[in-house]
Every structure is written in structure tokens, then in C-alpha cells.
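The values are calculated or read from the model by the stated rules, or taken from the named source; none is laboratory data. For clarity, every value in this text was computed on a predicted model and none was experimentally measured. Note: ideal-geometry Cβ built from the backbone for every residue, glycine included; neighbour counts use all protein chains shown. For accessibility, only protein heavy atoms count, side chains too; no ligands or nucleic acids. Shrake-Rupley method; radii C 1.70, N 1.55, O 1.52, S 1.80 Å.
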Amino acid sequence: MTAKNIKNNFTINWSAKWKKLNYDLHQILRLYAFFVLLLTSLTGLVWAFDWMQDSVRFVANGGKNIKKTTLLVSDTLQPQAVSGLDQAFTTTAARYPDAYAYMVLLPAKATSTINTLVYKKDLNRFDRLLVVCDRYSGKPLSNTSFQSLNNGDKAYQLNFDLHTGAYMGLFSKMLSFFAALACSTLPLTGFYIWWGKKKKQVAPPKLRSGR
């Protein structure tokens, strides 16, 4: 591998003729897009398959099986208060007034809790606080930050931002966008390469009849 070959394999010659330029776009863009799209594909598998999620947690925890956090429940013996949801949000907002945004997840079952995600900034979604409140009284039950999670839970919480390209803010979002854009051009540039090779094929010579 000479310096010239390395440069030719990793840079696009924009001044070349269209045929060479098309070849460079097909070969080099897919090389750069590969690593970003590989990360996108692997993080998508974490959502699709439990075994993949468990494997990521296992590896991130250094080869240890750590039990997932037990879900808290609401006290169903309390009379349901109309202001339970309002109280939960008011308490959370008063505790974190400088948050960029709040996401309130409504309870689905009688024993479910009101979970409020407190986002500190707009750059990512993983660095957030999870405030769990009783659905009936609005009383806070727990407050969990990203820093307090074990490595397996941190890896899982990072998964969304890694998949969407939001882990480094605007820069990584643009990186993911251009990687996807480069991937969308591969069928076109690949077809042109195939078509050019097909036209190069020489027709078999015609046999001349003897005299």
C-alpha cells in the first residue's frame, strides 16, 4: 500500500471524467457510509430482538448478568385523586425548572406509575432524568439520572441516540443523514458501472465460410 494508492482509495477525484467519478462515488462513499450504517443496523437489532438487547447489556456490564431494575407500582389502596397527574408534573417541573423539555408517560394499568422524562438539553435524549410518581397521589417515588445507571442500562439508553445519530448533536445527525444519502446512491452508481461493463463485452467473431 503506497501513499498514492491510499489516497486514491480514500479520496474522490472530482475533476475526473464522469465514468471515473461515478466509480469513485460508488467505491469510496460506500466505504465511509459503511461504519455509520453498521452502527445504525446493530442498534436497530437491539429494539427488534430481546437476545440482542440482553447481549449488549451483558457485554457492557463486563460479562456480568445484572438484573433489570424492578418497576415501581402505584398504591391502588389510595383513593384516586383528580390532581394526581397535575401534582406529579408540578412537582417535577418545580424541581427541574431549567429543563429543556418534559415528556410525561401516562399509566397504562391500575398499578402503573406516572413516568416523567426530564431532558436537560436538546442535543441528545440519553442524558435525562426519570422521575417516577404515584398515579393517584402524585407523590415522587424515585428519581434516576443517566449517571446513576449501570453500564448495561447506559448502553441501552444510548441506543436510541446511536440509532438516530443524535449522540453528538447536530454533527452526528448530519453524519447519519449523509451516510443514508450515500447509501441511496449506490444502486444508481452500481447500475451505471454494470451497464458500462456490459457495453464493453465484445461480440463473438463471426465465422467466415470457406471457399
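Among the residues that make up region 138-160, is at least one of them at pLDDT below 90, farther than 23 Å from residue 42 by Cα and crowded, with 19+ Cβ neighbours inside 10 Å?
There is at least one residue in region 138-160 that is at pLDDT below 90, farther than 23 Å from residue 42 by Cα and crowded, with 19+ Cβ neighbours inside 10 Å.
Can you find a residue in region 106-113 that is assigned to a strand (DSSP E or B) and surrounded by fewer than 18 Cβ atoms within 10 Å (Cβ to Cβ)?
No, there is no match, as no residue in region 106-113 is assigned to a strand (DSSP E or B) and surrounded by fewer than 18 Cβ atoms within 10 Å (Cβ to Cβ).
So which pairs qualify, if the first residue must be in region 127-154 and more than 16 Å from residue 90 (Cβ to Cβ) and polar (S, T, N, Q), the second must be assigned to a strand (DSSP E or B) and open to solvent by 50 Å² or more (accessible area, probe 1.4 Å), the Cβ gap must be under 6 Å, and the two must be at least 6 apart or on different chains?
144/130
Specify the residue that is modelled with the highest pLDDT; the eligible residues are those in region 46-74 that are of a type in the set (D, E, K, R) and exposed (fewer than 13 other Cβ atoms within 10 Å of the Cβ).
50
What number goes with the only condition from (1) among the aliphatic types (A, V, I, L, M); (2) assigned to a helix (DSSP H, G or I); (3) open to solvent by 70 Å² or more (accessible area, probe 1.4 Å); (4) touching a residue at least 12 places away in the same chain (Cβ under 8 Å) that residue 94 does not pass?
That leaves (4) as the condition not met.
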